[in-house]
Amino acid sequence: MGYHTFLWLALTLALAAPAAAEPASVLDVAAVPHLGAEGRADYGRFLQQGTPRVFALSPTGAWGWAAAQPDLPTTEARAVALCAQWVGQAGADGGCQVYARDLAVVWPGQEGAPPVAPARPVQGGPGWSLVPDGRFLWKGPETARGAYVWAHGRAAGGQDSRGSQPQPHVRLFNNAGWDVLRFDRDPALDETETAAAWLHGALRVLRAKGYQRVVVGGQSRGAWNALQALDEPGLVDGVVAVAPAAHGPRGSPAWGWAVAELREVLERARNPAARVAVATFESDEYDPDPEARARLFRAFGQRVKELLFLDRPTGLAGHGGGSDPAFTDRYAPCLLDFIEGRPGQCG
């Protein structure tokens, strides 16, 4: 065989061979094989879920997913079982296998692992730390759309909330390219004003690291601290305050001055360029006077660039209303649009 003939044959064989599949991003809905339009829409819902989460599918186009089960093996077994139910073969998996596990695609030939978040805190001190959350996709300050800092609440019983997963709406920010970090605090040292000072320092560090935008969100006491971050011009670009509170549940002796101190926090805001979203809920045992607080928040809109006030939305109730899947379905997309400055309506 001549040299040129050999080259021609090698090139022909290379072109005829099937191309190796490219590694898939877990966010690439179009890369998921076998699914029809309904399945791809449901995969989009899967991407809004917290971890552990697993998506399983079959060559027949059936699928199933599960999330937030006690552990990853239980979650995986549930996802495969749900897929098998769609196939309609009782007691068999119908060819169902796992496509995505947490943040990674594990489908044969398309395996793709995401960049790993730094394991060490970005900043911290006695009683607190600013921690990149490894349960979310990570880009880093050079390429991320911004940094979303999540501040957990302070449990009335003194339980340790460090490491708790941010509320589900934060997942949509992450899917859109925002890095997610937790503002973790030791419950033994987590006093309101002390935590506010810690948070200010943490946010300055993120600015220094080069994040184009910095948003702080939180629930309960974390949301209260997030609102306190507005007292420094330019410290944050946005705030998402879900059921803000700092004075304990119904019957607390501190209730008598809860509304007055909220007024003080809002009046100290000195960041006219910030976008602020606030969500409150019916039957919130940490809200001593819903109407008085609503009046304060509505007036507060004059002190910031724009205010989105979700005032006791229908069908959501209690201090934990922001964790309800209905809140995520109804409001997470418009929270993202609002913080990023896109016009839209929260229905």
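A short reminder: the numbers here are calculations on the coordinates, not readings from a lab. The structure presented is a predicted model; accordingly, all values stated were derived computationally and were not measured. Cβ sites come from the backbone with ideal geometry, for glycine too, and all protein chains shown count toward neighbours.
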Please give the length that would be gained between residue 311 and residue 208 if that part of the chain were fully extended, namely 0.36 nm times their separation in residues minus their C-alpha to C-alpha distance (nm, one decimal).
33.6 nm
Please list, in order along region 213-219, the HN-Hα scalar couplings obtained from phi with the Karplus expression 6.51 cos²θ - 1.76 cosθ + 1.60 (θ = phi - 60°), rounded to whole Hz, x for Gly and Pro.
9, 10, 10, 10, x, x, 10
With the Cα gyration tensor of region 29-105 giving a ≥ b ≥ c as the square roots of its eigenvalues, does the rule (a/c under 1.5 for rounded; else a/b larger than b/c for prolate; else oblate) give rounded, prolate or oblate?
oblate
Helix-only [θ]222 nm of the chain, DSSP H runs n ≥ 4, -39500 (n - 2.57) each, per residue, nearest 500:
-10000 deg cm²/dmol
Cβ-defined net charge surrounding residue 124, 12 Å radius [Lys, Arg +1; Asp, Glu -1]:
+2
Identify, among 118, 98, 44, the residue whose Cα sits farthest towards the positive end of the charge dipole of the chain, taking +1 on the Cβ of Lys and Arg and -1 on the Cβ of Asp and Glu, with the dipole about the Cα centre.
118
Could you give the length gained on full extension between residue 345 and residue 188, defined as 0.36 nm per residue of separation minus the Cα-Cα distance, in nm?
52.5 nm
Roughly what would the spin-label model give for residue 97 and residue 329, points 7 Å off Cα along C-beta, in nm?
3.3 nm
May I ask for the distance between the Cα centers of region 122-174 and region 319-347, given as a whole number of Å?
18 Å
Cα pair distances of region 91-163 binned at 5 Å [whole percent]:
3, 12, 16, 17, 14, 12, 9, 7, 6, 2, 1
Relative to the longest principal axis of the C-alpha atoms of the chain, give the angle of the C-alpha long axis of helix 290-300, reported between 0 and 90° and rounded to the nearest 10°.
80 degrees
For region 274-347, shape from the Cα gyration tensor axes a ≥ b ≥ c, cut at a/c of 1.5 then a/b versus b/c, turns out oblate
For region 123-339, averaging the sequence separation of alpha carbon pairs under 8 Å that lie six or more residues apart and dividing by its residue count, the contact order in percent is 19 percent
So which trypsin sites (Lys or Arg not before Pro) in region 249-330 end up in coil per DSSP with only 14 or fewer other C-beta atoms within 10 Å?
250, 268, 270, 305
Which shape class applies to the chain: rounded if a/c is under 1.5, otherwise prolate when a/b exceeds b/c and oblate if not, where a ≥ b ≥ c are the square roots of the Cα gyration tensor eigenvalues?
prolate
Placing +1 at every Lys and Arg Cβ and -1 at every Asp and Glu Cβ, with all other atoms neutral, what dipole size does region 32-85 have around its Cα centre, in debye to the nearest 20?
80 debye
Using only Cα atoms, tell me the angle between helix 3-16 and the longest principal axis of the chain; keep it within 0 to 90° and round to the nearest 10.
50 degrees
